[in-house]
Amino acid sequence: MLAALERITLTATRALSVVGLVALMGLAAMTLADGLLRWLANRPIEGVRDLGGLAIAVAIACCIPVGLVERGNIVIRLGEHVHRGLGRVLDAVAALAVAAILAAAAWQFWIYAAKLARAHETTFVLQIPIAPFWFGVDVILWAAVLVQLIVAARDWARVFGR
C-alpha cells in the first residue's frame with residue numbers, strides 16, 4: 001500500500017513541479033520582454049520586478065515536494081558502513097527529522113504570510129497583495145511535509161522488512 005501511495009505522490013508532485021516550471025518560464029518571458037523593450041523602445045514593462053520575487057517563491061516551493069519523493073536531497077550514509085540495518089534505521093530517523101524541520105519552516109511561513117495579510121502589504125508598483133502568494137507557498141510546504149511523512153513511512157517499513 002505504501003508503494004502505491006508513493007507512486008501516486010510522485011505523479012502529483014511531478015505535476016506540481018510543472019506548475020513551478022510554468023511560473024519560472026513566465027518570469028523568464030517577462031524578463032526577456034522587459035529587457036527587449038528597454039533596449040528597443042526605452043520603455044520597460046512596469047511591475048516585472050514586482051512579480052519576479054513572487055514567481056520565484058512559488059516556483060521553488062513547487063519543486064520541493066518532488067525532490068523529497070524522488071529522494072533527490074543530499075544524503076550522508078554513515079550507518080551502512082557499520083551495519084546495513086543500522087543504515088536503514090538512521091535513514092528512517094533522518095526522514096522524520098526532515099519532516100519535522102519542514103513542518104517548522106511551514107509554520108514560520110504561515111506566520112510570515114499572516115503578518116503580511118494583517119499589514120495589507122502589496123507589491124511596490126502593481127499594488128498586488130503579497131500575502132496570498134505566501135499563503136500559497138505555505139500550502140505547498142505543508143504538502144511537502146505530507147510527502148516527507150510518506151517517505152518516512154516507507155523508510156520505516158524498510159526497517160521492519162515490509
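None of the figures in this text is laboratory data; all of them are computed from the coordinates on show. If you're wondering where the values come from, they're calculated on a predicted model, not measured in any experiment. Ideal geometry is used to build each Cβ from the backbone, glycine not excepted, and the neighbour counts take in all protein chains shown.
Quickly run through the stretch 92-126 and pick out the residues that are over 23 Å from residue 143 (Cβ atoms) and among the hydroxyl-bearing types (Ser, Thr, Tyr).
Scanning the stretch 92-126 gives 122, 123.
So in the stretch 128-148, with the set limited to residues that are of a type in the set (A, V, I, L, M) and surrounded by fewer than 18 Cβ atoms within 10 Å (Cβ to Cβ), which one is nearest to the chain's Cα centre (by Cα)?
In this case the residue turns out to be 139.
Which members of the stretch 63-88 meet the condition of being aliphatic (A, V, I, L, M), closer than 27 Å to residue 142 by Cβ and in a helix (DSSP H, G or I)?
Scanning the stretch 63-88 gives 64, 66, 68, 69.
Look through the stretch 111-127, keep the residues that are among the hydrophobic types (A, V, I, L, M, F, W, C) and surrounded by 15 or more Cβ atoms within 10 Å (Cβ to Cβ), and return whichever of them is nearest to the chain's Cα centre (by Cα).
Filtering the stretch 111-127 for residues among the hydrophobic types (A, V, I, L, M, F, W, C) gives 111, 113-114, 116-117, 119, 124-126.
Then drop every residue that is not surrounded by 15 or more Cβ atoms within 10 Å (Cβ to Cβ), which leaves 113, 116-117.
Details: 113: 16, 116: 20, 117: 21 Å.
In this case the residue turns out to be 113.
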